Amino acid sequence: MNKEDAKIRIAKLRASIDEYRHAYHVLDQATISDAALDSLKHELYKLEQEFPDLITPDSPTQRVGGTPLDKFEKVTHEKPMLSMEDVFTLSEFGEWFDRIHKLSNATTFFLMPKIDGLAVSIVYVDGLLSSAATRGDGKIGEDVTTNVRTIESVPLRLGVGKGGTVEVRGEIYIATDDFKKLNDAQAAKDEPLFANPRNAAAGSVRQLDPKVTASRHLSFVAWDLVTDLGQTTQAEEWEILRNLGFKPTPDSIVVSTVEEIQAHWKSLQMKRDGLGFWVDGMVVRVNDNAAYDGLGVVGKTPRGLVAWKFPAEEVTSVVRDIQWFVGRTGAITPVAVLEPTQLGGTTVQHASLHNFDEIQRLDVRVGDTVVLYKAGDIIPKVKGVVVGLRANGAKEANVPKECPVCGSPVERKEGEVAIVCSNRQCSAQNQEAVLHAARAFAIDGIGPATIATLMDAGIIQLPPDLFKLIPDDFVGLEGFGEVSANKLVDEIQARKEIPLAKFIVALGIRNVGEETARDLAKRFRTIDALMAATLDDLTAVPQVGAIVAQSVVDFFADEHHRDIVAAYVANGIQIVVPQLTTHNQPLTNRSFVLTGGLDTMSREEAKEKIRALGGDLSESVSKKTAYVIVGTDPGSKFEKAKSLGVPILSENEFIAMLASL
C-alpha cells in the first residue's frame, strides 16, 4: 500500500473507530464486537507504524478511552491510566520480547489473564475508601464511588492499617454465573438481554441508582498498586494487595523465557471457559518495577507491558473479490476472497457468503471491509460490513446466470434460496462428488489434484468409476509411476467393503450427515430398503425430520442417483449390513451430545461406546437430549445445555456411567 492509499485508509479507520467508541463508551451501546473493534484498531496501529508521519494527536491510537459522560462528576487521575499495546501472534510478541531485552536488564516477567471488564482506580485515605473513578480518557474519568462501594470484593477499609493515601487499580467485571443470572432475570421481566459481561459491567457501574448496581453482583480484582509501599516487583505487589484485602488477578505467575510465556498463554486459552470470568488474552509485564519504570512510555502505552490477545473469534478484513464455486450437489455458492488475516489462530483468505440472498442482506461489495467470524470454530463467514470504510467504487456482486464451470444455465427451485447448475454432468459437481466418496470410503492417497487429473483425462467421470481403475490407466499421467499407480489401485481395491452407514454418506445425499446415515442404516438395514422408503417411513426414524426425509426421497427418485448405486454394486462394492444387536442395550432411545476434547479416549471412541449400548448421537442440543458430555474447552453446546437444564456429564462421570451399565 502506497502512502496516499494509506492516508485514505487511515482517515476512514479513525472515523469508524471513533464512531464505535463513542457509541460504546458514551452512549452505552455495543454496535460492534470487542474482537472486531480490536481488529480495526490493530490495522490502524500497523499502518501508523509503517507511516509514522501520518500519526496525528487525535488518532484513536493516541487516546485511551472515550469522552466521560456528563451524568457523573469528573475526576482527574493523579497518574494517567494508560492503555496497553496489543499483539496477536507469536511473531509480534517475539518482537516485543526482543525489544525489551535490548532496552533493559529485565530477566523475569509477570503474567496474568486479561480480564474483559471495566478498569477503575480506587483511592483510600487513612485506610478508608475515599473515591473511585473510571479510566475515562486516561487523564479524566468519572466519579463512581457510590457504585463501587456496593461491590462486595472491594474493601471499604484496608486490611492493613495504613496512613496517608493509597491508590489501587483493577478491573470490575461480572462473573459468568452472575451474568447468566442477570440475563435470566432480564428475560423474566421481558427486558432486553445484555450482549456480554463487559457491556453489562460497564452499564452497571454507570447506573445513577446504586441499588441497581448492587443488584448486578459485580466483582473486582486488583492488578496495580500505584502507591509506593516498598514493593520492588509486580509479584511483591500481589502479596501486598492480598494483605490490604484485595483479590489480585488470579492465575498469575512469574516466568523468564518466551517458551514459558507461550506455555502459560496456551494454558489460559485452554481453560478460559472455566475461569469464571471473560478473558480475552494475557498481560505480560516486566516484573522488576525499576526496569519497568526505566522503559518509559511510548505515546499512550507503557513500553514494559503488552497484551497478548487470544486468537480472535471476530476480525476485520477487506473483500478483494467475490467468486462462485460449484459443489457436489450443484449448488453454486458465493465465496469472498479476502486480504489474508488471522482468525481463531489460522490465516483466513476466503469466507462463505452462503447464497446471493445473503449477499444482498449484508450488502457485501468488492472492496468492502467486513467483520468475519468462525462458525463452529471451523468455517469463516461474513458477519457484517463496516459501511463507514466502504471504498469509492465498491462493486456490487451479480448473481451468475450460467454455471461458472460448464456454462450451463442456472436454476432456483421453488421455495429454495440456492441457485444450482442445471447440468447434472457438470465436471465441478462430479469432481466434488468423487472426492466426497473417496473420503467416505477412506481411500488414502487420492486428493483433489489426482481426481482432477483423472477426470481431465476422461478416465473417470463418476464416483463408482474409482473402483474400475487399473494401473495402466495411470500410464503417462504426471506424478504417477508404476509403483505409485499400483499402490493407489491396491488401496482402492482394499476399500470395496463398506458399512451401509458409510455407503449412505458416500452417496452425498443432501442434509444427510454421518449421524443421520447411521440412524438410517440402523432402521432400514439395506440400501434397497432405504431406496424404497416413503416419507412416512423416514420420518418415523428418530432424529429424522421432514426436511431430511424429503431429501432422501428426492435423491432416490432421480434415476441418475439410482444408476450410481447400481454402478457401485456392478463394480464390486460390498455393502455390509448392520448386525442385529442381541445383547443388552441400556442406552436405547437416549440421545447424547459431545462437546470439547476428551483425555482418556477420542470423541469417535466415545461415540462408538454409546452406540454399542444402544444410544443415539446428535450434533445439536435440545430438550430431548438425555446427556451432554463435556470435555476440555467446550463450545456453545455446553452453554445451551445449561440454559435448557439438560443433564451434563464430565468425562469422568461419563466413564463411571458406562462402568455401571
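Of note:
- Subset of the range 239-261 that is in contact (Cβ under 8 Å) with a residue 60 or more places away in the chain and in a helix (DSSP H, G or I) - its residue that is surrounded by the most Cβ atoms within 10 Å (Cβ to Cβ): Leu241
- Of the criteria (1) among the β-branched types (Val, Ile, Thr); (2) within 36 Å of the chain's Cα centre (by Cα); (3) more than 24 Å from Tyr24 (Cβ to Cβ), which one Thr165 fails: (2)
- Residue count, the range 88-112 (criterion: part of a strand (DSSP E or B) and at pLDDT below 90): 0
- Residues that are within 26 Å of Gly327 (Cα to Cα), hydrophobic (A, V, I, L, M, F, W, C) and part of a helix (DSSP H, G or I), drawn from the range 508-532: Ala517, Leu520, Ala521, Ile527, Leu530, Met531
- Note on the range 270-287: residues that are at pLDDT below 95 and surrounded by fewer than 22 Cβ atoms within 10 Å (Cβ to Cβ) total 8.
- Qualifying positions in the range 515-540 - loosely packed, with under 15 Cβ neighbours inside 10 Å and either charged (D, E, K, R) or within 30 Å of the chain's Cα centre (by Cα) (or both): Asp528, Asp536
- Residue list for the range 12-33, filter: assigned to a helix (DSSP H, G or I) and at pLDDT below 80: Asp18, Arg21, His22, Ala23, Tyr24, His25
- The residue that is modelled with the highest pLDDT, among those in the range 326-367 that are under 20 Å from Gln431 (Cα atoms) and touching a helix residue (DSSP H, G or I) at 6+ places or on another chain (Cβ under 8 Å), is Pro334.
- Positions within the range 297-316 being modelled with pLDDT of 90 or more, over 16 Å from the mean Cα position of the chain (by Cα) and either in a strand (DSSP E or B) or not assigned by TED's automatic domain parsing to the domain that holds Leu82 (or both), in sequence order: Pro302, Leu305, Val306, Ala307, Trp308
- Flag if Lys640 is surrounded by fewer than 18 Cβ atoms within 10 Å (Cβ to Cβ), more than 24 Å from the chain's Cα centre (by Cα) and closer than 30 Å to Ala185 by Cα: no
- Residue in the range 113-120 that is closer than 28 Å to Phe310 by Cβ and part of a loop (DSSP other than H, G, I, E, B) present: yes
- When Asn398 is tested against (1) within 31 Å of the chain's Cα centre (by Cα); (2) touching a residue at least 12 places away in the same chain (Cβ under 8 Å); (3) assigned to a loop (DSSP other than H, G, I, E, B); (4) farther than 27 Å from Ile575 by Cα, exactly one condition is not met: (2).
- Taken over the range 610-629, the residue count meeting the criterion of being surrounded by 15 or more Cβ atoms within 10 Å (Cβ to Cβ) and free of Cβ contacts under 8 Å to residues at least 60 places away in the same chain is 10.
- Looking across Val410, Val386, one residue alone is assigned by TED's automatic domain parsing to the domain that holds Glu358 and in contact with a Leu (Cβ under 9 Å, 6 or more places away or on another chain). It is Val386.
- Checking Arg320 against (1) surrounded by fewer than 19 Cβ atoms within 10 Å (Cβ to Cβ); (2) touching a residue at least 40 places away in the same chain (Cβ under 8 Å); (3) within 19 Å of the chain's Cα centre (by Cα), the condition it does not meet: (3)
- Against the test of being within 27 Å of the chain's Cα centre (by Cα), of a type in the set (Lys, Arg), farther than 28 Å from Thr31 by Cα and not assigned by TED's automatic domain parsing to the domain that holds Thr632, the options Lys247, Lys271 yield a single qualifying residue, Lys271.
- Selection from the range 217-232 of residues that are under 18 Å from Pro113 (Cα atoms) and either among the polar types (S, T, N, Q) or in a helix (DSSP H, G or I) (or both): Ser219
- Members of the range 83-95 that are touching a residue at least 40 places away in the same chain (Cβ under 8 Å) and surrounded by fewer than 16 Cβ atoms within 10 Å (Cβ to Cβ): Thr89, Leu90, Gly94
- If the condition is being small (Gly, Ala, Ser) and either under 15 Å from Gly513 (Cα atoms) or part of a helix (DSSP H, G or I) (or both), then the range 536-559 contributes Gly545, Ala546, Ala549, Ser551, Ala557.
- Qualifying residue in the range 133-151 (condition: more than 15 Å from Val221 (Cα to Cα), among the β-branched types (Val, Ile, Thr) and touching a Lys or Arg at 6+ places or on another chain (Cβ under 9 Å)): yes
- One residue alone among Glu559, Glu605 is among the acidic types (Asp, Glu), within 35 Å of the chain's Cα centre (by Cα), exposed (fewer than 12 other Cβ atoms within 10 Å of the Cβ) and closer than 26 Å to Gly508 by Cα, and that residue is Glu605.
- Of the listed requirements (1) exposed (fewer than 13 other Cβ atoms within 10 Å of the Cβ); (2) polar (S, T, N, Q); (3) in contact with a helix residue (DSSP H, G or I) (Cβ under 9 Å, 6 or more places away or on another chain), Gln543 misses just one: (1).
- Residues being closer than 10 Å to Thr150 by Cβ and modelled with pLDDT under 85 - total across the range 177-210: 2
- Test: residue in the range 358-373 that is at negative phi and assigned to a loop (DSSP other than H, G, I, E, B): yes
- Residue satisfying all of: in the range 152-189; assigned to a helix (DSSP H, G or I), of a type in the set (A, V, I, L, M) and in contact with a helix residue (DSSP H, G or I) (Cβ under 9 Å, 6 or more places away or on another chain); nearest to Leu218 (Cα to Cα) among these: Leu182
- Evaluated against (1) of a type outside the set (Lys, Arg); (2) part of a helix (DSSP H, G or I); (3) under 31 Å from the mean Cα position of the chain (by Cα), Ala214 falls short on exactly one condition, (3).
- Residue match in the range 40-55 (condition: assigned to a loop (DSSP other than H, G, I, E, B) and either closer than 15 Å to Lys309 by Cβ or at pLDDT below 80 (or both)): no
- Among the conditions (1) under 28 Å from the mean Cα position of the chain (by Cα); (2) at pLDDT 90 or above, the only one that Ser408 does not satisfy is (1).
The values are calculated or read from the model by the stated rules, or taken from the named source; none is laboratory data. Everything numeric here is computed off the predicted structure, so don't read it as measured data. With ideal geometry, Cβ positions are generated from the backbone for all residues, glycine too; neighbour counts draw on all protein chains shown.
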